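Written out below as structure tokens is the structure these notes cover.
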Number of protein chains: 2
Amino acid sequence: MTVTYAYEALPVAEWFRRNREIAGFQNPARAMYQTVRELVENSLDATEPYGILPNITITIKPVDEAKSWYSVYVEDNGVGIPGHEIPNVFGRVFYSSKYKIKQHRGVFGLGLKMVVLYAQSTTNRPISVRSAAVRSDKIYEYRIMIDTTKNEPIIVDMREYENKYKWHGTAVKVVIEGNWLNSKKRIEEYLRRTAIISPYAEIYFKGPDMEMFLKRRTIKIPPPPEEGLPHPKSVDVDTVKQMISESKTATLAEFLINNFDGVGEGLARSFLEWAALDPNKPVGSLTQDEIVLLVEKMKAYEGWRRPRADWLSPAGPELLEVGAKSILGAEAVFAVTRKPSSYSGHPFIVEAAIAWGGQIVPVDKPILLRYANKIPLLYDEGADVARKVVDEFNWQNYKVKFPAPVAVIIHVCSTKVPYASAGKEAIAEIQEIEEEMKLALRDAARKLRIYLSRKERELELLNKYTSLAKYVDEIA
Amino acid sequence: MTVTYAYEALPVAEWFRRNREIAGFQNPARAMYQTVRELVENSLDATEPYGILPNITITIKPVDEAKSWYSVYVEDNGVGIPGHEIPNVFGRVFYSSKYKIKQHRGVFGLGLKMVVLYAQSTTNRPISVRSAAVRSDKIYEYRIMIDTTKNEPIIVDMREYENKYKWHGTAVKVVIEGNWLNSKKRIEEYLRRTAIISPYAEIYFKGPDMEMFLKRRTIKIPPPPEEGLPHPKSVDVDTVKQMISESKTATLAEFLINNFDGVGEGLARSFLEWAALDPNKPVGSLTQDEIVLLVEKMKAYEGWRRPRADWLSPAGPELLEVGAKSILGAEAVFAVTRKPSSYSGHPFIVEAAIAWGGQIVPVDKPILLRYANKIPLLYDEGADVARKVVDEFNWQNYKVKFPAPVAVIIHVCSTKVPYASAGKEAIAEIQEIEEEMKLALRDAARKLRIYLSRKERELELLNKYTSLAKYVDEIA
Ligand SMILES: Nc1ncnc2c1ncn2[C@@H]1O[C@H](COP(=O)(O)OP(=O)(O)O)[C@@H](O)[C@H]1O
Ligand SMILES: Nc1ncnc2c1ncn2[C@@H]1O[C@H](COP(=O)(O)OP(=O)(O)O)[C@@H](O)[C@H]1O
Ligand SMILES: [Mg+2]
Ligand SMILES: [Mg+2]
Ligand SMILES: [Mg+2]
């Protein structure tokens, strides 16, 4: 037996280029959908949280039909990107402005780079960008590729010119191998469902053989989410270690007060007393074992406040109801927005709506529409914890017998949505989230039961009247 | 509107620590399963391809029941890891010996690191390793953690001692937060199904409340897969660029002959003639556009040979039949191993088996057992292209009317299995693979149809006899 040991470290950009399937770029149709999705999400993230009413234009054009090459163009009126940062955000994997405790659509610092890498691998064309940050004197244009061996941008060319009218926003154009026929429906559905949950957005989409204009339906934009702090109950050892390394001289009490959500002087002292820890000990002097103990105690303590909701921006029951009626043509919709909860230090809110009757055709198990941070999720339903919850739900308890005309909408918003894959299409099986989904469903289902009971009674009453009428008829 | 632009680059190890859900570490039960899986797969990869009959021992023990901490221990008799490489393979994300065109269970260079990061985040304990490479004079022991800000190993401690008996192999122990109750069944099933497709492995598993010994059922080990070359028909521009940068002075003809699967002198010349390219041009002098053109022509050319099969190690129809009978207790099994095919330069083989009757209960859609490179896939079935193919298959054409007692096994082996997520649980929707799955299913279903027709005829005959007998009876 001869064994040769040959080890190699793969650079991160090259790794993602080779494994692009795990980020949703698995075939030309899905890659086209994913490209639109990544760009549109960035546009929404660059507008809504800053109080800007989003105007987004998307254009897909064939470039070379024989080779299935298409250009995808997305333009927004967002806050833009500072000129010198443009190469980084397009050319370095994991470079992002969204690693904050704040609700964003983007989370991975990966989307743009995957688009660039996919273009590079299929058509070998650079991505084109035009952007101006808010109040920037200049507009910048770049053409960029990625050096995958170094995880660095290659600037193919760039120019800058005067920003006369103080325009701000971003426009991106990329040429990729795509499949319009097989992605068209999904892209349309994605945009339509985006407009439903973000009715303050205006979206214009022009494809090779169609045009779609999703008008703004309200100018009421949700209050921008604030940046938050991790919740003390569900933070892990490594995170606490990192936090400690950044504030070594603080005492234990100070450390808790400054770094965690909803921890004031009083609460910090009660906790430390309960945990039998010295409030005046500098955190820098804690041993590894003491840090582990601290985290365990934080996990076990029951006295913390609920995570604050003002970092999160749920859709709210009204919007879900309107949405469900318009997507599904339901006869009645029952929506619930749960109180905030948290997992691993990240606050989240689950919302659910149950839609009944109307144009919904009776099905053997409920139709499910999923959203995460206002992004419609269209793929990988089978891997999503929401599907599991809906399937295991005890519908009989709520007067639902299948086949029944029932559909469910589930929306999770969080400062960190735990996606089960880098393609951001399914929510992982996190116990805390699963639990909240069940409760949201139960709350909505209770309302449905009341509605169905009332309908039953009305029907009975009607039947009684009818037979009474018949009886009266007969004796008459 | 005040906008602050704050960008940050996340180091790769920290990124995976934060996003561990996408690698299968999404809750304590699944993380426990994933830990076993990553370690067992490494053990199989360190034995079978080198002609070593695998002996694998797995032990799970509670460490602290109140906190749900468990130790997971996996030991093998494989080729081991050279001492100086141990810190790297455990402590650097994307460090691997498997970035070769060769069939491996591992593919991402990520498994061990995810185990270390998960342990670190939940119990903050280092991983312990003992290993000796083949013919090594020493046995090495390390305890390792990962510095996530640098993607570097932290060596907590190490020692080395004489390898008197020239032992080779690897033993790994890790303490994690787990959930035995909820992972037990899956781990057992995973191991059982591993043993079925790798009957030359001997696996001993001891859990907190059970013991399982999967005996070796054959000492026939498949011929070790060879390392291969990419197939010319399905390689992408970026890959070709990289290959060119490593052999600039070669002529086009030489470049093709040396770097691609099944391309000899004659074939290279026919192709270059067809493509109107100069065989004597040094590849280093090709412009970007010429490289793009070259790749396009390579894609379009119809004269290439089929990818070679000797790099791949399918299970074979006999093993699938025996396996299906023993897992499912089927009455009859029809198995097919397709010829090799390729996608994006990677050869692959699809195998399928259809199992019928016996202990299989009639179901509305076929039960599906999935394998990839001999790894059983137990999660995320809904996101797997195999599920789609089985669901869309026209079963009626093959005399199958649901509910029917039918189950399907699908095995994909490839030098690169296109997983849809870093957790390696579902195969992405790659058109070439989908197509081969359909054909494999069709081939197997044809055999099923013949079987069912014969049964039908026998039944008819039986009925005829019975009624004839009755008739004879009556006239007698
Ligand atoms: N349309 C846009 N407008 C403003 N900034 C953008 C836009 N698109 C991308 N960016 C910036 O580029 C960064 C990287 O984007 P991306 O790779 O998609 O990762 P993510 O969105 O997860 O951060 C974003 O964090 C954001 O700062
Ligand atoms: N049990 C083992 N025996 C020998 N080598 C191993 C073992 N486990 C891991 N390795 C080495 O460590 C490397 C990294 O392992 P891992 O992080 O699981 O990634 P991958 O298996 O995808 O390469 C492997 O490529 C292999 O070289
Ligand atoms: Mg993004
Ligand atoms: Mg591995
Ligand atoms: Mg990933």
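The values are calculated or read from the model by the stated rules, or taken from the named source; none is laboratory data. Source: prediction; values computed, not measured. No Cβ is skipped: glycine too gets one built from the backbone with ideal geometry, and neighbour counts run over all protein chains shown. Note: areas computed on protein heavy atoms with side chains; ligands, DNA, RNA excluded. Shrake-Rupley method; radii C 1.70, N 1.55, O 1.52, S 1.80 Å.
Quick rundown of the values:
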read-out: Matching residues, region B:373-405, being open to solvent by 50 Å² or more (accessible area, probe 1.4 Å) and closer than 12 Å to B:ALA420 by Cα; value: B:GLU381
read-out: Selection from region A:1-25 of residues that are more than 7 Å from chain B (Cβ to nearest Cβ), closer than 21 Å to A:ARG37 by Cβ and part of a helix (DSSP H, G or I); value: A:ALA13, A:PHE16, A:ARG20, A:ALA23
read-out: Test result for A:TYR70, more than 9 Å from ligand 3 (Cβ to nearest atom), hydroxyl-bearing (Ser, Thr, Tyr) and surrounded by 24 or more Cβ atoms within 10 Å (Cβ to Cβ); value: yes
read-out: Subset of region A:29-63 that is touching a helix residue (DSSP H, G or I) at 6+ places or on another chain (Cβ under 8 Å) and at the interface with chain B (Cβ under 10 Å from one of its Cβ atoms) - its residue that is farthest from A:ALA426 (Cα to Cα); value: A:ALA29
read-out: Flag if B:LYS150 is away from ligand 3 (no atom under 16 Å from the Cβ) and either in contact with a strand residue (DSSP E or B) (Cβ under 8 Å, 6 or more places away or on another chain) or in contact (Cβ under 8 Å) with a residue 60 or more places away in the chain (or both); value: yes
read-out: Matching residues in region B:90-125 - criterion: being outside any loop (DSSP other than H, G, I, E, B) and within 7 Å of ligand 2 (Cβ to nearest atom); value: B:TYR95, B:SER96, B:GLY111, B:LEU112, B:LYS113
read-out: Residues of region A:1-54 classified as more than 17 Å from A:THR123 (Cβ to Cβ), within 11 Å of ligand 1 (Cβ to nearest atom) and among the aliphatic types (A, V, I, L, M), total; value: 5
read-out: Meets criteria (charged (D, E, K, R) and within 14 Å of chain B (Cβ to nearest Cβ)) for A:LYS184; value: no
read-out: Total residues in region B:123-141, condition closer than 25 Å to B:SER68 by Cα and more than 27 Å from the chain's Cα centre (by Cα); value: 4
read-out: B:VAL74, sole failed condition from (1) away from chain A (no Cβ under 11 Å); (2) assigned to a helix (DSSP H, G or I); (3) within 10 Å of ligand 2 (Cβ to nearest atom); value: (2)
read-out: Given (1) under 29 Å from A:CYS413 (Cβ atoms); (2) more than 13 Å from chain B (Cβ to nearest Cβ); (3) more than 16 Å from ligand 5 (Cβ to nearest atom), index of the condition A:HIS168 fails; value: (2)
read-out: Any chance A:ALA66 is at pLDDT 95 or above, in a helix (DSSP H, G or I) and either within 14 Å of another protein chain (Cβ to nearest Cβ) or closer than 14 Å to A:LYS184 by Cβ (or both); value: no
read-out: Enumeration of residues in region A:266-308 that are within 27 Å of A:PHE348 (Cβ to Cβ) and loosely packed, with under 15 Cβ neighbours inside 10 Å; value: A:GLY266, A:SER270, A:TRP274, A:LYS299, A:ALA300, A:GLU302, A:GLY303, A:ARG305, A:ARG306
read-out: Selection from region A:46-63 of residues that are modelled with pLDDT of 95 or more and not in a loop (DSSP other than H, G, I, E, B); value: A:ASN55, A:ILE56, A:THR57, A:ILE58, A:THR59, A:ILE60, A:LYS61, A:PRO62, A:VAL63
read-out: Residue satisfying all of: in region B:92-118; small (Gly, Ala, Ser) and within 11 Å of chain A (Cβ to nearest Cβ); nearest to ligand 3 (Cβ to nearest atom) among these; value: B:GLY109
read-out: Residue in region A:14-64 that is farthest from ligand 2 (Cβ to nearest atom), counting only those that are touching an Asp or Glu at 6+ places or on another chain (Cβ under 7 Å), under 15 Å from A:LYS206 (Cβ atoms) and open to solvent by 30 Å² or more (accessible area, probe 1.4 Å); value: A:ASN55
read-out: Matching residues in region B:119-128 - criterion: being away from every other protein chain (no Cβ under 11 Å) and either in contact with a Leu (Cβ under 8 Å, 6 or more places away or on another chain) or buried (at least 23 other Cβ atoms within 10 Å of the Cβ) (or both); value: B:ILE127
read-out: Residue tally, condition more than 14 Å from chain B (Cβ to nearest Cβ) and either surrounded by fewer than 21 Cβ atoms within 10 Å (Cβ to Cβ) or in contact with a Gly (Cβ under 8 Å, 6 or more places away or on another chain) (or both), over region A:234-252; value: 5
read-out: Scope region B:139-165; condition basic (Lys, Arg) and either farther than 13 Å from B:ILE86 by Cβ or surrounded by 14 or more Cβ atoms within 10 Å (Cβ to Cβ) (or both); matching residues; value: B:ARG143, B:LYS150, B:LYS164
read-out: Boolean, A:GLU435 is surrounded by fewer than 23 Cβ atoms within 10 Å (Cβ to Cβ), within 14 Å of chain B (Cβ to nearest Cβ), farther than 20 Å from A:ARG193 by Cβ and at pLDDT 95 or above; value: yes
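Here's the yes/no breakdown for (1) in a strand (DSSP E or B); (2) touching a strand residue (DSSP E or B) at 6+ places or on another chain (Cβ under 9 Å):
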site: A:ASN397; (1), (2): no, no
site: A:LYS401; (1), (2): no, no
site: A:HIS411; (1), (2): yes, yes
site: A:ALA422; (1), (2): no, no
site: A:GLU425; (1), (2): no, yes
